[in-house]
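In what follows, a single structure is set out as structure tokens and then discussed.
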Amino acid sequence: MNVDSVRFQHLLGIEGLSREDLIFLLENSQQFVEVSQRDLKKVPALRGKTIINLFLEPSTRTRASFEIAGKRLSADTINISGSGTSVSKGETLLDTARTLQAMNPDILVVRHRSSGAAHFLSQELTRTAVVNAGDGMHEHPTQALLDCLTLCQHFELAPSELKGKNITIVGDIRHSRVARSNIWAHQLLGNKVTLVGPATLVPHEFADEEAFGGGVRICHTLREGVEGADVVMVLRIQLERQSDNFIPTLEEYTRQYCVTPQVLEGAAPGCVVLHPGPANRGIEISSTLYEGTQSLVEKQVTNGVAVRMATLFLLGSRGRKENV
Amino acid sequence: MIRISNGIVVDPATDRDGEFDVLIEDGKILDVVPRGLGADGDFERVIDASGCWIIPGLIDLHVHLREPGQEWKETVETGALAALKGGFTSICCMPNTEPAIDSEEVVRYILDKAAQANYSRVLPIGAVTKARVGKEMAPLSELREAGCVAFSDDGDPVYNAGIMRRALEWAKMLDAPISCHEEDKDISCGGCMNESALSTRLGLTGMPKVAEDVMVARDIELARDTGAKVHFCHVSTARSVELIRRAKNDGIPVTAEVTPHHLVLTEDAVRAYDTYAKMSPPLREEEERELLVEGVKDGTLDAIASDHAPHEDDVKKIEFAEAAMGILGLQTSLPLMVSFIEDQVLTRKRAISSLAEAPARAFGLPYGTLRKNAPADIVIVDPQKEWQFEREDVVSKSFNSPFYGRTMKGKVRDVFVQGVLRLENEEVVLGGQCK
């Protein structure tokens with residue numbers, strides 16, 4: 001498989017990718033891990049290409065990760081930040097994106113609070129590849145890619161061999177784009193996904209066939225949900241879930257769902273822990289676990305740069321016949 | 001005297017379905033006679049309706065004309081024109097204008113605009129509460145006298161059950177129904193589509209069906225308690241249909257409407273975040289859609305109403321969660337129902353009744369029938385004509401329709417409003433003086 005056989009024009013989500021595409025992205029990412037370990041971390045792959053990072057929702061790590069990835073590929077990278085809705089900004093998202101497209105960027109990386117925002121831009125922009133860096137509660141595909149890459153490395157498996165694992169995701173699944181992208185990814189790879197959290201944050205619809213193919217298991221008891229898990233992915237719980245009445249109090253949440261080394265006693269031997277960050281230590285995950293040997297969180301961050309390099313490289317090189 | 005001949009008269013109110021001619025005089029139906037009977041008489045005009053149905057002028061119990069206050073979306077004039085093109089000779093306009101229809105002045109303003117436009121008849125619906133904010137009752141008798149045919153706070157329910165109960169007692173004295181937008185927004189808050197597996201997948205906040213059902217249940221009990229007429233707007237769930245069915249069996253004075261889009265589309269229409277298919281209540285699952293159709297078949301859902309809700313692209317061509325709710329409906333409702341007849345989903349009698357006789361009964365209007373002496377609101381529709389609905393067809397000021405590109409069956413050819421030919425061969429008759 002080479003660059004031109006990649007069938008997607010944009011990376012809007014893991015949904016819609018073929019297993020082949022996903023594995024190809026992960027294999028490419030693995031190659032870029034090596035680039036970031038060099039003394040001189042820059043390759044000329046996207047020299048002369050322009051990447052705009054349009055972050056309309058607060059973000060530190062994802063934005064930094066995309067920026068570093070673009071720079072290590074020698075692309076010209078521009079960051080545009082903002083917050084609030086298009087209405088309060090006085091310009092619509094579409095106008096902003098069209099304005100940016102008029103400057104002929106090759107790739108637009110977009111983070112937005114509304115589900116479907118990246119989708120919307122990809123339909124309206126004709127000349128620019130769109131990368132979804134997180135849209136509302138919908139998808140965050142590069143996060144799922146970096147999570148999978150981290151697991152491949154840890155278990156020393158090729159992407160095509162990362163299957164049959166028990167993956168448990170704990171937390172606010174309802175509002176999580178990370179969870180959704182990971183569910184799609186693990187379904188494609190052939191892993192078993194269990195979702196754990198209170199019924200208000202893990203609605204039963206997640207198990208419906210129409211939602212994610214029906215292969216997802218839901219569990220409202222933490223110990224039961226992590227039983228036999230090879231991987232436990234802990235999600236951040238937002239403080240506002242309390243004021244929105246999804247949980248009575250954060251303490252109530254912690255009492256039921258804080259992941260600790262003790263909780264993981266029933267997990268599979270060698271179980272590892274992922275967290276997309278930033279973590280609320282002592283609320284959804286104990287500090288001991290977060291910093292312990294089971295935790296792969298730092299590797300996740302390192303791999304974030306690699307998967308973003310691979311994504312930008314594949315989309316930025318599309319259609320270019322020479323010197324790939 | 002005008003004669004409409006050679007067509008098929010479909011008038012559910014008089015149980016006519018067959019080859020009849022219609023005679024019009026002085027703005028009224030003079031008679032409906034077997035085809036050709038007395039055809040050699042002296043007529044000012046004979047209209048040949050060969051191959052067409054002759055049906056009562058349609059009545060839409062639920063449209064938003066946006067005037068006063070949001071004239072860039074729609075005006076009384078453009079809305080009434082869309083109605084005429086769509087075969088609706090009477091449209092009831094919702095009071096969520098700015099200011100709301102909560103005083104005689106606003107009612108008069110709208111009726112004046114409608115008289116100037118001179119297309120279809122516009123029948124205002126007054127607000128239940130002042131400024132539609134749910135705190136104090138609007139001057140219901142004043143509104144009724146000024147010409148309001150019903151009351152509604154559409155867009156919102158009347159949350160305060162105490163105020164709702166008092167308003168029902170007043171509405172009963174005034175012999176007008178209260179038309180209810182049933183949605184508990186504490187349940188549906190922040191939602192922008194049906195709550196379902198699909199909303200879960202798309203990461204969009206859902207509007208659960210139970211948000212509608214709990215309010216329908218409450219207002220059935222208030223209707224029972226007061227004996228006042230409650231009309232349910234745009235019913236979208238199977239459970240609400242069942243609650244209404246039982247209420248009717250219990251003899252409670254409730255009526256209900258459903259939109260054509262809830263009968264023909266499902267939530268699948270928003271799968272690609274298409275904001276032209278975003279509305280409240282939202283499109284639901286296929287099972288719900290099928291049970292809504294059953295509700296129309298057995299008459300539980302009396303009327304089909306368009307919930308014509310024009311919005312400019314500036315508030316539609318944006319992020320899904322932030323886009324405005326609602327779609328156009330006046331020009332597509334009848335063709336969608338003609339397709340239902342052709343596909344034998346509904347009988348011709350039931351489909352036409354749901355657009356004419358049944359809405360007239362729900363709001364106590366003297367229209368919707370070709371009965372002798374009734375106002376001569378008549379539509380001649382060519383049921384065989386196939387056409388593709390496109391943006392260019394829209395005469396509204398806004399373009400928010402999910403039906404572009406859809407092949408429609410049935411086109412409105414001629415329309416009489418109160419005996420005056422206002423639309424002829426799909427063209428507006430200017431001045432409206434043509435005989």
Among the residues of segment B:221-234, how many are open to solvent by 10 Å² or more (accessible area, probe 1.4 Å) and part of a helix (DSSP H, G or I)? 5
A:ALA118 passes all but one of the listed conditions (1) within 14 Å of chain B (Cβ to nearest Cβ); (2) open to solvent by 10 Å² or more (accessible area, probe 1.4 Å); the exception is number (2)
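Yes/no per residue for (1) buried (at least 20 other Cβ atoms within 10 Å of the Cβ); (2) modelled with pLDDT of 95 or more; (3) of a type outside the set (D, E, K, R):
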{"site": "B:ASP112", "(1), (2), (3)": "no, yes, no"}
{"site": "B:LYS135", "(1), (2), (3)": "no, yes, no"}
{"site": "B:ALA150", "(1), (2), (3)": "yes, yes, yes"}
{"site": "B:ASP175", "(1), (2), (3)": "no, yes, no"}
{"site": "B:CYS180", "(1), (2), (3)": "yes, yes, yes"}
{"site": "B:VAL210", "(1), (2), (3)": "no, yes, yes"}
Of (1) out of contact with any helix residue (DSSP H, G or I) (no Cβ under 7 Å at 6 or more places or on another chain); (2) within 14 Å of chain A (Cβ to nearest Cβ); (3) without any contact (Cβ under 8 Å) to a residue 24 or more places away in the chain, B:GLY251 satisfies every one except (2)
Helices (runs of 4 or more DSSP H) fully within segment A:11-90 counting 1 or more residues that are of a type in the set (Phe, Trp, Tyr) and open to solvent by less than 20 Å² (accessible area, probe 1.4 Å): A:19-37, A:61-72
Here the residues within segment A:195-213 that are part of a strand (DSSP E or B) and either open to solvent by 20 Å² or more (accessible area, probe 1.4 Å) or touching an Asp or Glu at 6+ places or on another chain (Cβ under 9 Å) (or both) are A:VAL196
When segment B:99-110 is examined, which residues are found to be in contact (Cβ under 8 Å) with a residue 40 or more places away in the chain and open to solvent by less than 20 Å² (accessible area, probe 1.4 Å)? B:ILE101, B:VAL107, B:ILE110
Out of B:GLU182, B:GLU169, sole residue that is part of a loop (DSSP other than H, G, I, E, B), under 21 Å from B:ILE252 (Cβ atoms) and of a type in the set (D, E, K, R): B:GLU182
Restricting attention to segment B:285-317, which residues are open to solvent by less than 10 Å² (accessible area, probe 1.4 Å) and within 14 Å of chain A (Cβ to nearest Cβ)? B:LYS316
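One line per residue, one yes/no per condition, for (1) among the charged types (D, E, K, R); (2) modelled with pLDDT of 95 or more; (3) in the same structural domain as A:ARG177 (by TED's automatic domain parsing):
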site: A:VAL202; (1), (2), (3): no, yes, yes
site: A:GLU205; (1), (2), (3): yes, yes, yes
site: A:GLU210; (1), (2), (3): yes, no, yes
site: A:VAL216; (1), (2), (3): no, yes, yes
site: A:THR221; (1), (2), (3): no, yes, yes
site: A:ALA229; (1), (2), (3): no, yes, yes
site: A:MET233; (1), (2), (3): no, yes, yes
site: A:GLU240; (1), (2), (3): yes, no, yes
site: A:SER243; (1), (2), (3): no, no, yes
Answer yes or no as to whether A:THR126 is assigned to a loop (DSSP other than H, G, I, E, B), open to solvent by 10 Å² or more (accessible area, probe 1.4 Å) and more than 11 Å from chain B (Cβ to nearest Cβ). yes
Can you pull out every residue in segment B:88-98 that is within 28 Å of B:ILE163 (Cα to Cα) and either crowded, with 18+ Cβ neighbours inside 10 Å or in contact with a helix residue (DSSP H, G or I) (Cβ under 6 Å, 6 or more places away or on another chain) (or both)? B:ILE91, B:CYS92, B:CYS93, B:MET94, B:PRO95, B:ASN96, B:THR97
Just checking, which of A:CYS219, A:CYS258 is surrounded by 17 or more Cβ atoms within 10 Å (Cβ to Cβ), away from every other protein chain (no Cβ under 14 Å) and in contact with a Gly (Cβ under 6 Å, 6 or more places away or on another chain)? A:CYS219
For the subset of segment B:263-284 comprising residues that are of a type in the set (Gly, Ala, Ser) and open to solvent by 30 Å² or more (accessible area, probe 1.4 Å), which member is farthest from the other protein chains (Cβ to nearest Cβ)? B:ALA269
In segment B:318-330, anything among the acidic types (Asp, Glu), part of a loop (DSSP other than H, G, I, E, B) and surrounded by fewer than 23 Cβ atoms within 10 Å (Cβ to Cβ) is listed as none
B:LYS385 fails exactly one of (1) open to solvent by 10 Å² or more (accessible area, probe 1.4 Å); (2) outside the structural domain of B:PRO68 (by TED's automatic domain parsing); (3) in contact (Cβ under 8 Å) with a residue 40 or more places away in the chain, namely (3)
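Each row is one residue, and each column tells you yes or no for (1) within 14 Å of chain A (Cβ to nearest Cβ); (2) in a helix (DSSP H, G or I); (3) buried (at least 21 other Cβ atoms within 10 Å of the Cβ); (4) of a type in the set (Phe, Trp, Tyr).
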{"site": "B:TYR159", "(1), (2), (3), (4)": "no, no, no, yes"}
{"site": "B:MET164", "(1), (2), (3), (4)": "no, yes, yes, no"}
{"site": "B:ASP186", "(1), (2), (3), (4)": "yes, yes, no, no"}
{"site": "B:GLY191", "(1), (2), (3), (4)": "yes, no, yes, no"}
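The values are calculated or read from the model by the stated rules, or taken from the named source; none is laboratory data. Since the model is a prediction, treat every value here as computed from it, not as a measurement. FYI the Cβ positions are ideal-geometry reconstructions off the backbone, even for glycines, and counts take in every protein chain you see. Keep in mind that these areas ignore ligands, DNA and RNA; they rest on the heavy atoms of the full protein, side chains included. Shrake-Rupley method; radii C 1.70, N 1.55, O 1.52, S 1.80 Å.
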